[in-house]
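Everything on this sheet refers to the single structure shown next.
The values are calculated or read from the model by the stated rules, or taken from the named source; none is laboratory data. Treat the numbers as computed from the prediction; the structure is a model and nothing was measured. Glycine also receives a Cβ, built like all others from the backbone with ideal geometry; neighbour counts cover every protein chain displayed.
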Amino acid sequence: MSKPFLLSNLIDLQDLDNEIFKLIDEKSKGESVNILKDLEKKYHENNSLLIKKKDELKSYFEEKKILDKQIFESENKLKNILEKLQNPKLDAGELQNFNLQKSSVENNIIDLNVSIEKLNNLNAEELLNYSKVENSLEELKPNIIEYSKRIQSEWKDLDNNINELEIKKSKLLSTFPEDIVKFYDQLKHNGVEVIAAYKNEGQCGCCGVNLTSSELDKIFDSKYNQCPYCQGVVI
Ligand SMILES: [Zn+2]
């Protein structure tokens, strides 16, 4: 014959659950977690701001891209001409021709750089603001990484403790009849704050209400010894 189930086991289960809850709560309330949350909030704010500023500078970036491409192409052209000029077999006409091409491309590059400078000057203030936001985003990144790592190591111990408690809890639960497990889960689901507690003189140990002797009799006659006021189990 199996041993009869003692309702007082519910107190042990509840204690384990409370300890687990406390540790989970600790995980979300540590100082590092708060700092990380703040950093991430700042990061998202700055990122949105950066997107907004980028959009405001849309035509600048488009023009700049075109000019950059033109400079890149001209520099390649120049490189090509300079290589050709290295050839010792060039005749005077070819030499003159390449030299003319060279100075034309060089002038073109100068003009393009002037255009970029003008474009930059025209957008100087917006560009400065843009790079400020960009820099602050970059500065946030290493901090976010550092705090994520710190939290991971802080949580390691807490997670180990939670694991141990969870193992204890499953061991305890394996000794519980199925209907008791369901009953316990239902009370938790219903938001019963204290699920089981010892009677305190004439008071319900769960909610502290003074119970009459007939109420107490009713409680101890019922299947799960439930207090009529809080639904908690009176032991
Ligand atoms: Zn009660």
Qualifying residue in region 28-37 (condition: surrounded by 12 or more Cβ atoms within 10 Å (Cβ to Cβ) and outside any helix (DSSP H, G or I)): yes
Test result for F72, part of a helix (DSSP H, G or I), among the aromatic types (F, W, Y), at pLDDT 95 or above and loosely packed, with under 15 Cβ neighbours inside 10 Å: yes
Qualifying residue in region 165-173 (condition: among the β-branched types (V, I, T) and closer than 30 Å to Y43 by Cβ): no
Residue check for S131: within 28 Å of K52 (Cα to Cα), out of contact with any His (no Cβ under 7 Å at 6 or more places or on another chain), surrounded by fewer than 16 Cβ atoms within 10 Å (Cβ to Cβ) and in contact (Cβ under 8 Å) with a residue 24 or more places away in the chain: no
Restricting region 187-215 to residues that are of a type outside the set (K, R), under 18 Å from L10 (Cβ atoms) and part of a helix (DSSP H, G or I), the residue that is farthest from the ligand (Cβ to nearest atom): H189
Cβ-Cβ under 8 Å pairs, at least 6 apart or on other chains, region 216-234 side under 10 Å from V194 (Cβ atoms) and without any contact (Cβ under 8 Å) to a residue 12 or more places away in the chain, far side assigned to a helix (DSSP H, G or I) and more than 9 Å from the ligand (Cβ to nearest atom): none
Filtered residues of region 216-235 (kept if more than 10 Å from the ligand (Cβ to nearest atom) and in a helix (DSSP H, G or I)): L216, D217, K218, F220, D221
